[in-house]
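Contents: one structure, followed by commentary.
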Amino acid sequence: MIKTAMTRSSLALLLATSATAALAQSGSSPEPNATQERAAMNELLAVNEYILRIQALDDNGPRLNALIDYDPTAPVTARQRLGIGPLNGRTVLVKDNIETKGFATTAGSLALKDNRTGRDAPLIANLEAAGGVVLGKTNLSEWANIRSNDSTSGWSAVGGLTRNPFAIDRNTCGSSSGSGAAIAAGFAWGAIGTETNGSITCPASINGIVGFKPSVGIVSRTHVVPISSTQDTAGPMTRTVYDAALLLTAIAGEDRADPVTLEAKRVAGYTAGLYTYSLQGVRIGVMRKQIGNRDDLKAVFTAALTDLERAGAVLVDIDFEPDRQMYGDSFTVLMFELREEIGKYLVSIPAFEEGETPRSLSDLIAFNNANASTEMRWFGQDLFELAETTTDRAAYETARANALRIAGPETLDKLLADNKVQFLVAPTRGPAWVSDLVNGDNFNGSVGFGSPSAIAGYPHLTVPMGAIEGLPVGLSIMGAKWDDHAVLKAGAAYEKARTAKLPAPSFRPWRPAGE
């Protein structure tokens, strides 16, 4: 990453201006009668400010560590792509487990620090064909948070610990930590994250932005460092639902190297109808037992439900306890597929010019052991070691069938059908916890209902719904498989009806309200 010194006055100016306010023109959804040319021109004018903000807030100042690398010449490329495709030169940051020609793809690990494949993942090729510009690569929870049960989200050996723009001593969740923090901080128009189970939606919620995990198969996974061929997907992370829909339109597409994409039911443009969609008479299931045990979060969620009712939605309370077998079976799937899929990926990459190229999960385990002082100072690799011994294919196939059946037909499909609802809602997560490299993450497991959508491969959208003591929290909207467009339209309708005042990033440690 290029480190650029900033004057104290220019740094103070940027710190005093919230990302949302500073970039309101470029980041807000254009009104229905606004032209795409006007929106694109506004975005083009913002590109230079993105670079300045990165230099002030990531390279210097609070040092968010949201980015691993970026291209300071991106404004030139953005001007060249003005008028091309739906993105019209808009700048996008990419999670550093997705291959892009101009950057290394490290997954946050020193084992891949020299991994310059010279390849664009198909989703990146789609992005650029649609007029998008890759501004840089975002930090992440190393190996997408699959190395250890005791990890701290947002930390990687390559990028360090990502800091939350709303409270820099608080966590960004993971594994798309840098993508969430970067958009909250105003470093780009949009970002791409990846999710296996919560890795887009959790960091989006905790960083106060929109995150969309599409149905598995909408977006290609080729040349993306994998965990699970069953659950992995990339998806957009943006400031508005409209922008998420626009970015999804750009990156979605078939890929013969990823057969699940050939089965997907896509629409030509995910922004269609976002402004005209009405929640009037739409039945929405409220996952009451998944609200959690915090009264302050319940109050924010209740206000969001009131907004939905005011917009015409019919709310249906659902009392539900999930079949916990799906969690254990899904874990077996992740462990088995990690060993297989990471091996296939490592075999596919070109040999490094310097250093030894890892070709298997066992090679990665050996690398971490040999570099324990840098790679395993804060936590180990118990999940890597477990995956290496998870080799029973028959048990895996049984677990996969069980997990998909329970999460999809027996949970999400059944809830939607039995309650005659089109969508399900719940809080996405609670507010950000204090980052603690010594003790690891401090999740509140009583909040949220995102795992069934992740396990079954169904769409899951999170939209900011307010804050607790200045810390953002999001509203999850979930639907049936391939109902991605409908879920986005519901999110846009909620966004329009939302009455909560959203917080602005402070770029300082957390303080109680009023102090």
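The values are calculated or read from the model by the stated rules, or taken from the named source; none is laboratory data. Here the structure is a predicted model, which is why all the values come from computation and not from measurement. Neighbour counts are summed over all protein chains in view; Cβ atoms, including those assigned to glycine, are modelled from backbone coordinates with ideal geometry.
Mind listing whichever residues of the stretch 246-287 are over 23 Å from the mean Cα position of the chain (by Cα) and either modelled with pLDDT under 95 or β-branched (Val, Ile, Thr) (or both)? Across the stretch 246-287, the qualifying residues are 275, 276, 282, 284, 286.
Scanning the stretch 347-374 for residues that are surrounded by fewer than 16 Cβ atoms within 10 Å (Cβ to Cβ), among the aliphatic types (A, V, I, L, M) and assigned to a loop (DSSP other than H, G, I, E, B) yields a count of 1.
Taking residue 33, is it under 22 Å from the mean Cα position of the chain (by Cα), polar (S, T, N, Q) and either modelled with pLDDT of 55 or more or surrounded by fewer than 21 Cβ atoms within 10 Å (Cβ to Cβ) (or both)? The answer is no for residue 33.
Each row is one residue, and each column tells you yes or no for (1) out of contact with any Pro (no Cβ under 7 Å at 6 or more places or on another chain); (2) at pLDDT 95 or above; (3) under 20 Å from residue 136 (Cα atoms).
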| site | (1), (2), (3) |
| --- | --- |
| 153 | yes, yes, no |
| 156 | yes, yes, yes |
| 162 | yes, yes, yes |
| 165 | no, yes, yes |
| 174 | no, yes, yes |
| 206 | no, yes, no |
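What tally of residues in the stretch 177-209 results from selecting those that are polar (S, T, N, Q) and within 16 Å of residue 58 (Cβ to Cβ)?
Of the stretch 177-209, the ones polar (S, T, N, Q) are 177, 179, 194, 196-197, 199, 201, 205, 207.
Filter once more, keeping what is within 16 Å of residue 58 (Cβ to Cβ): 177, 179, 207.
Summing the residues that are polar (S, T, N, Q) and within 16 Å of residue 58 (Cβ to Cβ) in the stretch 177-209 gives 3.
When the test is whether a residue is in contact with a Lys or Arg (Cβ under 6 Å, 6 or more places away or on another chain), of a type outside the set (Lys, Arg), over 13 Å from residue 455 (Cα atoms) and surrounded by fewer than 14 Cβ atoms within 10 Å (Cβ to Cβ), residue 307 does not pass it. With 250, 234 as the choices, which residue is in a helix (DSSP H, G or I), surrounded by 24 or more Cβ atoms within 10 Å (Cβ to Cβ) and either touching a residue at least 24 places away in the same chain (Cβ under 8 Å) or in contact with a Gly (Cβ under 7 Å, 6 or more places away or on another chain) (or both)? Just a single option satisfies the conditions, and that option is 250. Looking across the stretch 278-290, the residues that are out of contact with any Phe, Trp or Tyr (no Cβ under 6 Å at 6 or more places or on another chain) and surrounded by 18 or more Cβ atoms within 10 Å (Cβ to Cβ) come down to 279, 282, 285, 286.
State all residues of the stretch 208-231 that are assigned to a loop (DSSP other than H, G, I, E, B), on the phi < 0 side of the Ramachandran plot and of a type outside the set (Val, Ile, Thr); if no residue qualifies, say none.
Correct list: 214, 215, 220, 221, 226, 228, 229, 231.
Listed by first and then second residue, the pairs with beta-carbon distance under 7 Å, at least 6 apart or on different chains, first residue in the stretch 174-194 and closer than 15 Å to residue 463 by Cα, second crowded, with 24+ Cβ neighbours inside 10 Å and modelled with pLDDT under 95, are 184/19. Which pairs turn up if I take residues in the stretch 374-388 that are closer than 15 Å to residue 336 by Cα and free of Cβ contacts under 8 Å to residues at least 60 places away in the same chain and look for partners that are among the β-branched types (Val, Ile, Thr) and in a helix (DSSP H, G or I) with beta carbon separation below 7 Å, at least 6 apart in sequence or on another chain? Between residues of the stretch 374-388 that are closer than 15 Å to residue 336 by Cα and free of Cβ contacts under 8 Å to residues at least 60 places away in the same chain and residues that are among the β-branched types (Val, Ile, Thr) and in a helix (DSSP H, G or I), the close pairs are 385/365; 388/365. When 505, 464, 512 are checked against the criterion of being within 26 Å of residue 282 (Cα to Cα) and either surrounded by fewer than 18 Cβ atoms within 10 Å (Cβ to Cβ) or modelled with pLDDT of 95 or more (or both), 464 stands alone in meeting it. With respect to being closer than 19 Å to residue 451 by Cα, touching a residue at least 40 places away in the same chain (Cβ under 8 Å) and surrounded by fewer than 20 Cβ atoms within 10 Å (Cβ to Cβ), residue 275 falls outside the description.
Checked against (1) modelled with pLDDT under 95; (2) over 21 Å from residue 253 (Cα atoms), residue 88 meets all criteria but (2).
Can you name every residue in the stretch 118-133 that is assigned to a loop (DSSP other than H, G, I, E, B) and surrounded by fewer than 17 Cβ atoms within 10 Å (Cβ to Cβ)?
Within the stretch 118-133, the subset assigned to a loop (DSSP other than H, G, I, E, B) is 118-121, 130-132.
Hit for the stretch 118-133 is 118, nothing else.
Cβ-Cβ distances below 8 Å connect the following pairs, each with a first residue in the stretch 305-332 that is of a type in the set (D, E, K, R), a second residue that is surrounded by 14 or more Cβ atoms within 10 Å (Cβ to Cβ) and assigned to a loop (DSSP other than H, G, I, E, B), and a separation of six or more residues or different chains: 307/498; 307/500.
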